[in-house]
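> Structure provided below as structure tokens; questions to follow.
The values are calculated or read from the model by the stated rules, or taken from the named source; none is laboratory data. If you're wondering where the values come from, they're calculated on a predicted model, not measured in any experiment. Here the Cβ is made from the backbone with ideal geometry for all residues, glycine too, and neighbour counts use every protein chain on show.
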Amino acid sequence: MSTPLTAWQAPPAGRYALDPAGSSVTFETRHMFGLGRVRGTLAVTGGALDVAEPAAGSSVAATLSAASFSTRNPIRDPQVRSRLFLDARRHPELSFRSTAIRRGGDGWTISGVLTVKGRPAPLELTVADIATEGDALVFRASGTVDRYAHGVTAMRGMAARHLAIRITARATRA
């Protein structure tokens, strides 16, 4: 059974390993000059949460598989995984590493660096909720990725510049 934590409450201190099977990253963007909606996923392959006391000293690191990019479109997906966009063959992983975790407003914000195609750019995530399940943490967060900041600039106008991402993650005490 899940125990929700309040907006100001930090999870129990310790190291937690991300569970790829219990974690997901979904995104939504637009294409065709903003007329069509595109939804998709990227697979989480690993990572860790180090929860400190006080919580502001905590850190998060995660990796995603570029080859797992999927919108369930057999024409679009190979093109996005190609050199034109993600270049998954030469850059098989996307990575995120936090630089700061802070409380404010209604909860927690995680600032960090997302690296895509070897190119780092800032990313801010807003934690929507967090709960404990025995020795595990489950949390949801969201943010906006600017693909141009990572050098993914192909098809300007046809494919939107920003992707809204949603993260659901499960991490077990290591």
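> Any idea how many residues of the range 60-90 are among the small types (Gly, Ala, Ser) and more than 14 Å from the chain's Cα centre (by Cα)? Lay out the reasoning, then the answer.
Here is the first cut: in the range 60-90, the residues among the small types (Gly, Ala, Ser) are 61-62, 65-68, 70, 82, 88.
Checking the rest, the ones that are also more than 14 Å from the chain's Cα centre (by Cα) come to 67, 70, 82, 88.
Summing the residues that are among the small types (Gly, Ala, Ser) and more than 14 Å from the chain's Cα centre (by Cα) in the range 60-90 gives 4.
> Condition test on Ile110, is it of a type in the set (Val, Ile, Thr) and surrounded by 15 or more Cβ atoms within 10 Å (Cβ to Cβ)? Give the steps one after another, and end with the answer.
Details: of a type in the set (Val, Ile, Thr): yes; surrounded by 15 or more Cβ atoms within 10 Å (Cβ to Cβ): yes.
So Ile110 passes the test.
> Right, next: Can you tell me which residue within the range 59-85, out of those that are modelled with pLDDT under 95 and hydrophobic (A, V, I, L, M, F, W, C), is farthest from Pro120 (Cα to Cα)?
Checking each candidate, the answer is Ile75.
> Also: Restricting attention to the range 113-157, and to residues there that are in contact with a strand residue (DSSP E or B) (Cβ under 7 Å, 6 or more places away or on another chain) and of a type in the set (Lys, Arg), which single residue is surrounded by the most Cβ atoms within 10 Å (Cβ to Cβ)?
It comes out as Arg147.
> Here are Ser98, Ser65: which of them is surrounded by 15 or more Cβ atoms within 10 Å (Cβ to Cβ), within 19 Å of Arg170 (Cα to Cα) and in contact (Cβ under 8 Å) with a residue 40 or more places away in the chain? Break it down into steps so the answer makes sense when it comes.
On the way: Ser65 fails: in contact (Cβ under 8 Å) with a residue 40 or more places away in the chain.
One residue alone meets the criteria, Ser98.
> Which residues, taken from the range 127-142, are polar (S, T, N, Q) and at pLDDT below 90? Walk me through how you get there before you give the answer.
Initial filter on the range 127-142 (polar (S, T, N, Q)): 132, 142.
Once the filter is applied, which keeps residues that are polar (S, T, N, Q) and at pLDDT below 90, the range 127-142 yields only Thr132.
> Report, by residue number, each residue of the range 80-95 that is without any contact (Cβ under 8 Å) to a residue 40 or more places away in the chain and surrounded by 15 or more Cβ atoms within 10 Å (Cβ to Cβ). If you could, list the steps in order and put the result at the bottom.
Taking the range 80-95 as the starting set, the residues that turn out to be without any contact (Cβ under 8 Å) to a residue 40 or more places away in the chain are 80-83, 87-92, 95.
Hits for the range 80-95 are Val80, Arg81, Asp87, Ala88, His91, Pro92, Ser95.
> Restricting to the range 23-45, name every residue that is free of Cβ contacts under 8 Å to residues at least 60 places away in the same chain and either polar (S, T, N, Q) or closer than 18 Å to Asp135 by Cα (or both).
Thr41, Thr45
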